[in-house]
Structures are given as C-alpha cells and as structure tokens.
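> The structure follows.
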Amino acid sequence: MAIISNIRALSGAGVLANRAVRTPTLSLRRYNLIYGFNGSGKSTLSRLFASLQSGNRDGKLPPACAFEFELDDGAILGCPDKLTGLEQRVLVFNADFVEHNLQWATGTANPVFYIGREQAELAAELARQEAAVPAAHLRRTNANALLKAKEKAFATFKRERARLVAENLRLRNRKYEAPQLVQDFGALDLGPDANLTEEQLEAAKATCRLDEPMARVNELAFQDRPVVEAISQARELAARTPGTVVIAELSQHPDMVLWVKEGAAYHTAHDLETCLFCTGPIQPARRELLERAFDDKLERFLELVGRAHADGEAALSALADLRIAVATLDAVSVEFRQPYKETRERLIEAIKACERLVAGGVAVLADKKGKPTQRADAGGLASETDVAEAVAALMGILGELNGLLRTHNERIDGFDRYQEEARIAVRRHYLVGGRTEYDALVADHKAAENEATSAEAALTHLTQEVARLKSEVREHGPAADKINKLIESYLGHGELTISAVAEGYEIHRHGRLVEGTPSEGEKTAIALCYFISTLESDGRKLKDLIVVVDDPISSLDTKALNFACALVKSRLDKAGQLFVLTHNQQCMNEFKKAWKSRHRPIEKDKDPTATFLFMDVTIPKGGTARSASLVEMSKLLRDYDFEYHFLFHHVLKFEAETDAEFEYAYMMPNVLRRVLDVFLAFRCPGSAGLAPKIAQLCAEFTDLDQDRITALERLAQVESHSENLDDLIGFSSMTLEETQDANATLLEMMQIVDPAHLAHLRRICA
C-alpha cells in the first residue's frame with residue numbers, strides 16, 4: 001500500500017513554515033524520526049496527520065490552515081479540498097489522543113479513569129449525568145416539599161371553609177366537610193347571583209335553622225263597597241231635609257226638633273194634658289199642630305239617616321278589624337319579612353286613610369241625625385275621585401300582602417324543598433366568597449403536583465440513564481490484562497497496573513490502590529499502551545497502517561525510557577509507515593540507533609527506508625516571529641548522542657556572525673546556559689549550583705576576567721528560563737551586543753580552562 005512521501009504544501013499552520021510545491025521534498029520513508037524542541041510545531045504537525053485520520057480538519061488547527069500530503073504512488077491528499085482516503089490507515093498518538101482517551105472521573109473517592117475515546121465519551125456523559133443527580137434529587141425533594149405545603153394549605157382552606165358553611169347551615173347531626181365542599185365547587189352555579197345580600201343571607205340562614213315549618217297565615221278578605229257607600233250616603237243626606245216645619249218656634253231652633261218630637265210623642269203616649277216642662281195645659285189646637293209637624297215623612301228621613309250612620313259605623317269597624325287582622329312580622333317566613341314589612345306598613349297607612357275618610361262621613365251623618373231639618377256641612381268630605389283612589393290603593397296593597405302570604409304558605413306547604421333551597425343558597429354564598437382563593441389553591445396544587453411528577457420522572461429517567469451509561473462504560477472498556485502486559489513492557493516493571501471496576505478503571509501500585517491521579521509519565525504509559533493495543537482492532541492489519549507517535553516519552557527515568565522506546569520499536573516495527581516525533585534527546589538517540597542501518601544502509605545497492613528530520617526554529621531576517629522548518633537532521637545531531645555538540649555548533653556560528661539579525665539570536669542565552677552547564681559538570685563535578693561552580697573555577701584560574709564571567713552568569717541565570725531548549729519561545733531582553741560578549745566570554749573561559757577540549761569541539765563542530 002502507498003505511504004506518505006512528502007508534505008507537498010503547507011500554509012497558515014502557526015509556527016510551521018509555509019511549504020510550496022517547489023520546496024525541497026522531505027523524502028519521507030517507512031520509518032521517520034522527527035526531532036524538535038517544544039514549541040517547534042510538533043503538535044501542529046501531528047494534527048496534520050490526525051486530519052488524515054478523521055477525514056476532517058483537526059479542530060485545533062488554525063482555521064486558515066491548508067496543506068497537501070503526497071503519497072509515493074503520486075496521489076495527493078489535502079485540506080480543504082481532499083482529506084478523505086486514509087481514514088482507515090492513519091492512526092495518531094499525541095496529546096489530543098491522551099486527552100480524548102484517558103479521562104479521570106470527578107467527584108469520586110477513588111481515582112477512577114476511563115480508557116478509549118468511546119468509553120471516555122460515555123464516561124464524560126456519565127459524569128455529566130451523575131453530576132445532575134444531586135440537583136435532580138434536590139428538585140424532587142423541593143417539589144415534594146412544595147406539594148406537601150400546597151396540599152396542607154389547600155386542606156386547611158377546605159376544612160375551614162367547610163366549617164364556615166356547616167356553621168351557617170346549622171346542620172346539627174348532618175355533616176358538611178371538605179369532600180362535599182369540593183363537590184359543590186364543581187357542581188353548583190356560582191354566578192353573580194350566588195352572592196347574597198345581608199338580608200337575603202340572614203333569611204336563608206333562618207330557614208336553615210327551622211326544625212319544622214311555620215304556621216300558615218290566612219289571606220285577608222275585605223269588602224270595599226261599604227267604605228265608598230258610607231261617604232257617598234253622607235254626602236247625599238247632608239243636603240236633604242224631611243220637609244217644611246209648621247211650628248214657627250222650631251224654625252228658629254232646629255236643634256230642638258228631635259227634643260220636641262220626643263216630648264210630644266211622650267205626652268201623647270201617656271195622655272198627659274199638662275206640659276211636664278212648663279206645667280201649663282196642652283191645648284187641643286197645639287196638640288194638633290205638633291202632630292202635623294212630626295208626620296211620617298220626617299220618620300222615614302230619620303230612619304234613612306240612622307241606617308246610613310250605622311253603615312258608616314260598620315265600615316269603620318270593618319276597617320279597624322282589617323287593621324288588627326294584619327299579621328305581625330314574625331308570623332311570616334324570614335325571607336319575606338322585609339317586603340312584608342314594607343307592604344304591611346303601606347297597608348296599615350291605607351287602612352288609616354280610609355278610616356279617616358269614613359270617619360268624616362260618619363260625623364256628617366251624626367250631625368244630620370241631630371239636625372234632620374237643617375242641611376249638614378259636607379265640605380270636609382273627600383271627593384268621589386279621592387275616595388276611589390284611596391279604596392283602590394287599599395285593595396291593591398291588600399292584594400300585594402295576600403300575594404306574600406300565599407308565597408309564605410307555599411313555602412310552608414313545601415317546607416322540605418324550600419329549606420333545601422335555602423341551604424343551597426347559603427352554600428353558594430360562602431363558596432362564591434372563597435372562589436378566587438379556591439381556584440388559586442387548586443392551580444397552585446396542580447402546578448406543584450405536576451412539578452413533583454415531573455421531578456420524579458426526571459430523577460427516574462436520570463437514574464436509569466446513569467445505570468445504562470455505567471453498563472455502556474463497562475461494555476466498551478478494553479481488556480485490562482492486555483494493557484497491563486504492555487505497561488509492564490513500557491515501564492520495565494510490573495509495579496503499575498490497571499484494574500477494571502464497575503465505574504471504569506483504577507490504578508494500582510504494588511497491588512494497592514493509588515490515591516489521586518497518576519503522574520504525567522504514567523498517564524502517557526497507559527494511553528500509549530492502550531493505543532498500541534487497539535492498532536489491529538476493527539479488522540485492521542499493522543502492515544497496512546500509517547502510525548504517528550508524538551512524544552511517547554514523558555517524565556520517565558532513564559531505565560523506563562529505554563523500555564518505552566523498546567516497546568514502541570518492537571510493537572510498531574511492522575507498521576506500513578511509522579512516524580516518531582520527539583523533543584527528548586535520549587528518545588531521539590534510541591530511535592537513531594535502531595534505524596541507523598535503515599537510514600544509511602551498509603549495502604550500497606540498498607535504498608534507505610528511514611528519514612531523520614529536525615524541526616529547525618529560526619527567526620528569519622527582517623522578521624519578528626519564529627518559524628519552524630522541517631530539515632534534514634544535522635550531522636551533529638545525527639552522529640553524536642549529545643546535544644552538546646549541536647549547541648556548541650551554534651556558539652561557533654554566533655561567534656562568526658557579523659549580521660545584527662542572527663536568526664538564532666533568540667535562543668543564544670539558553671544555548672550558552674546549556675553549554676556552560678555541561679562544561680562545568682565535567683570541570684567542577686558535584687551538585688553545587690552554577691554560581692558556586694563559577695566561583696570555584698575563578699579561584700583556580702586567576703587569569704579569568706571575573707567581571708565578564710559575572711555578566712555571562714547573569715545572562716545564563718536570568719535570560720535563560722529553562723534547563724533545556726524545550727521552552728525557547730521568545731527573544732531575550734538583553735541586547736545583541738551583551739549576548740555576543742557573553743558568547744565570547746564563554747569561549748575565552750573554555751580556552752583558559754581547557755584549551756584542548758575547546759580545540760576538539762571547534763574541530764568537530766565547525
């Protein structure tokens with residue numbers, strides 16, 4: 001199968017220098033070693049390969065990044081136009097792989113972690129779901145507490161409102177409780193008319209209080225004709241007389257007519273000849289005159305007036321009886337008492353008005369009886385119209401009153417039904433008064449009930465989802481035994497193992513659980529061993545794969561580093577194509593040794609199968625930003641096992657440089673520090689720091705210029721911030737002249753202290 005032969009083009013890749021088709025080919029082969037300091041673009045380079053693995057631009061690449069890979073069969077793959085084609089063949093191990101495939105759980109007592117991207121993604125989702133569980137429990141607790149509070153408030157309202165209704169219903173042995181209240185709220189019409197007035201309420205409550213119905217009240221009967229006739233007769237008779245009075249004396253004294261009439265009748269009846277009043281004799285002529293004066297006509301008239309007067313008295317008596325017969329208020333149902341009161345008062349006033357009218361007629365007739373021969377004064381009598389209106393008013397009001405009495409009697413006759421209606425009215429009244437609060441409580445209770453149901457369902461779903469994810473995490477976890485064998489090979493010992501648990505994996509050391517997270521080196525070891533264990537999964541064959549390993553060594557001691565390199569070499573040697581990217585000098589040396597014969601075959605007719613590249617970081621003349629170029633590894637890095645020669649080469653280049661824009665000037669303070677450290681390590685062995693070693697050297701070699709060496713030490717101490725070149729990412733704050741003087745001081749010191757050593761270095765590093 002085809003392998004990658006060149007990075008044909010590159011742009012917009014951060015620190016990595018742009019490449020074009022005309023750029024010299026990289027001559028990538030089956031085995032490729034790429035060495036570079038940290039910050040030189042190795043991670044970016046590994047993400048270019050990762051883009052081929054996924055078939056999509058890596059998310060951590062700059063958005064404007066574009067590139068083309070060339071295969072040895074002439075095919076071109078690149079971004080953004082064509083990235084697909086190698087997804088099943090390219091596998092990349094880098095920091096992103098470690099991040100995606102080795103994740104530690106949070107919030108657990110034990111150091112549980114997850115291996116593999118799929119398991120890690122499931123575990124991340126599990127962590128999110130588990131993190132949500134306390135909130136879900138709290139939500140359920142709060143929802144249930146709220147529901148309980150709403151239920152209590154609702155129950156209190158129902159109980160108190162039902163008690164209020166019951167108290168006003170006076171149910172005695174019957175009960176009216178919360179269930180009936182709820183039923184009534186749903187069944188009864190609680191429209192505007194349900195709210196009773198104070199009078200209506202009291203009447204209904206009074207009906208409810210009755211143990212038995214009240215007595216019936218008879219309707220009132222009254223004849224209005226005698227009233228009208230009494231007044232009309234008085235008016236008629238007041239103007240009439242019985243005839244002409246023949247006795248002159250009586251004409252002058254009409255008030256004496258009846259007296260004289262009675263006296264004459266008495267004397268005749270007793271045959272008296274002598275007047276009992278004057279004792280004089282009664283003459284025949286006088287007796288005859290008296291008889292003629294009091295004839296039948298006067299008798300008949302007096303009888304007429306007497307009958308009319310008696311009729312008037314009877315009418316007055318009938319009106320008085322009617323007034324007395326009007327029932328009192330407490331005789332009628334309470335609900336009718338107010339209208340009955342008003343109607344009763346109006347009726348009594350109408351009766352009294354009629355009594356006054358009739359009394360006026362009776363008085364006229366009484367006067368007429370006393371003076372029959374004289375016209376009576378009828379000016380005070382009511383007119384026929386007034387009488388008619390008064391009588392009509394009386395009869396109308398009497399009809400109204402009788403109507404109320406009929407309704408009262410109907411209520412008495414249907415007492416049970418009407419009492420039940422009163423009870424319903426009372427219930428409606430007190431229900432409508434609490435309707436707003438009831439509806440609000442119902443709504444609140446329903447909302448709280450819905451929230452409690454929702455919270456319970458959410459917690460149940462979340463619990464089920466957590467259980468499912470835990471099962472999925474276990475199912476997708478790789479075999480621990482297989483990875484442990486690789487870890488033992490990687491580290492060179494079996495002290496560190498992983499153990500599968502229900503939640504994922506745990507790290508054990510010497511068979512005991514390791515508290516906390518492991519070191520970065522141990523993380524790398526686990527992740528790389530997992531990476532290696534999966535290479536030939538899913539039907540893949542190692543011989544077909546293009547494997548990229550970025551910095552497989554991290555924070556390991558020398559022994560463990562050797563084992564790790566040996567594991568990578570042995571396990572990946574049969575890969576279709578292998579890329580090893582590293583910043584570690586020892587790791588670089590291990591792979592240089594292993595691939596030396598592949599890089600430069602002893603057989604003259606055999607083509608090389610290994611390529612050694614260096615990521616050379618410079619600041620181009622006229623520029624300010626660093627730029628990393630993939631170049632052939634220099635002879636000093638390729639043929640020697642120490643950076644010392646490579647670094648000293650830069651010291652010599654800087655010595656010879658006259659241009660103020662030396663492309664490696666940014667890293668010279670660190671270079672001087674590293675060279676000085678190595679030189680002093682041999683000349684002044686021991687664990688003392690830089691300053692004591694320089695002091696020791698100055699004491700031994702008095703020809704040394706202490707001021708200039710002090711300046712060199714300052715630059716090495718202050719301007720160099722790392723023990724190696726890995727962290728060289730910026731310019732020194734010192735001037736170029738200061739750095740050049742420090743460079744010259746270092747060479748002069750080496751010339752004084754060990755001229756032979758310096759001469760040897762100049763020879764091999766020139």
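> Please work out which residue is nearest to residue 546 (Cα to Cα), limiting yourself to region 44-82 and to residues that are out of contact with any Phe, Trp or Tyr (no Cβ under 9 Å at 6 or more places or on another chain), buried (at least 19 other Cβ atoms within 10 Å of the Cβ) and among the polar types (S, T, N, Q).
53
> Give the residues of region 585-629 that are part of a helix (DSSP H, G or I) and not polar (S, T, N, Q), sorted by residue number. Please lay out each step first, then the result.
Within region 585-629, the subset part of a helix (DSSP H, G or I) is 585-599.
587, 588, 590, 591, 592, 593, 594, 595, 596, 598, 599, listed by residue number.
Results for (1) assigned to a helix (DSSP H, G or I); (2) modelled with pLDDT under 75; (3) exposed (fewer than 15 other Cβ atoms within 10 Å of the Cβ); (4) of a type in the set (Ser, Thr, Tyr), shown as yes or no for each residue.
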{"position": "233", "(1), (2), (3), (4)": "yes, no, no, no"}
{"position": "243", "(1), (2), (3), (4)": "no, yes, yes, no"}
{"position": "246", "(1), (2), (3), (4)": "no, yes, yes, no"}
{"position": "249", "(1), (2), (3), (4)": "yes, yes, yes, no"}
{"position": "255", "(1), (2), (3), (4)": "yes, yes, yes, no"}
{"position": "262", "(1), (2), (3), (4)": "yes, yes, yes, no"}
{"position": "290", "(1), (2), (3), (4)": "yes, yes, no, no"}
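> Name the residue, out of 127, 178, that is in contact with a Ser or Thr (Cβ under 7 Å, 6 or more places away or on another chain), crowded, with 16+ Cβ neighbours inside 10 Å and either in the same structural domain as residue 430 (by TED's automatic domain parsing) or free of Cβ contacts under 8 Å to residues at least 12 places away in the same chain (or both). Give the steps one after another, and end with the answer.
Numbers: 178 fails: in contact with a Ser or Thr (Cβ under 7 Å, 6 or more places away or on another chain).
Testing whether each residue is in contact with a Ser or Thr (Cβ under 7 Å, 6 or more places away or on another chain), crowded, with 16+ Cβ neighbours inside 10 Å and either in the same structural domain as residue 430 (by TED's automatic domain parsing) or free of Cβ contacts under 8 Å to residues at least 12 places away in the same chain (or both) leaves just 127.
> Output the number of the condition that residue 30 fails; it satisfies all remaining conditions of (1) at pLDDT 95 or above; (2) crowded, with 22+ Cβ neighbours inside 10 Å.
Against the list (1) at pLDDT 95 or above; (2) crowded, with 22+ Cβ neighbours inside 10 Å, residue 30 comes up short only on (2).
> Further, regarding this structure: Within region 60-76, count every residue that is farther than 21 Å from residue 31 by Cβ and part of a strand (DSSP E or B).
4
> Applying the selection to region 543-564, what residues are at pLDDT below 90 and in a helix (DSSP H, G or I)? Spell out the reasoning first.
Here is the first cut: in region 543-564, the residues at pLDDT below 90 are 551-564.
558, 559, 560, 561, 562, 563, 564, listed by residue number.
> Name the residues in region 680-702 that are polar (S, T, N, Q) and surrounded by 12 or more Cβ atoms within 10 Å (Cβ to Cβ), would you?
Going through region 680-702, the residues polar (S, T, N, Q) turn out to be 687, 696, 702.
Within region 680-702, just 696 meets the criteria.
> Related question: If residue 358 satisfies every condition in (1) surrounded by 15 or more Cβ atoms within 10 Å (Cβ to Cβ); (2) under 30 Å from residue 214 (Cα atoms) but one, which is the exception?
(2)
> Another one. Out of the residues in region 361-403 meeting the condition of being loosely packed, with under 13 Cβ neighbours inside 10 Å and acidic (Asp, Glu), tell me which one is modelled with the lowest pLDDT.
Per the stated criteria, the residue is 377.
> Here is a follow-up. Before we move on, is residue 85 in a loop (DSSP other than H, G, I, E, B) and under 19 Å from residue 547 (Cβ atoms)?
Values: in a loop (DSSP other than H, G, I, E, B): yes; under 19 Å from residue 547 (Cβ atoms): yes.
Here the answer is yes, as residue 85 does meet what is asked.
> On to the next question. For region 293-300, state whether one or more residues are part of a helix (DSSP H, G or I) and at pLDDT 75 or above.
To start, the set of residues in region 293-300 that are part of a helix (DSSP H, G or I) comprises 293, 296-300.
Remaining after also requiring at pLDDT 75 or above: 300.
Taking every residue of region 293-300 in turn, at least one turns out to be part of a helix (DSSP H, G or I) and at pLDDT 75 or above.
> While we're looking at this one, here's another question. In the set 540, 571, which member is among the charged types (D, E, K, R), within 30 Å of residue 88 (Cα to Cα), part of a loop (DSSP other than H, G, I, E, B) and not assigned by TED's automatic domain parsing to the domain that holds residue 123?
It is 540.
The values are calculated or read from the model by the stated rules, or taken from the named source; none is laboratory data. Given the structure is predicted, the values throughout are model-derived calculations rather than measurements. Using ideal geometry, Cβ is built from the backbone for each residue, glycine included, and neighbour counts are taken over all protein chains shown.
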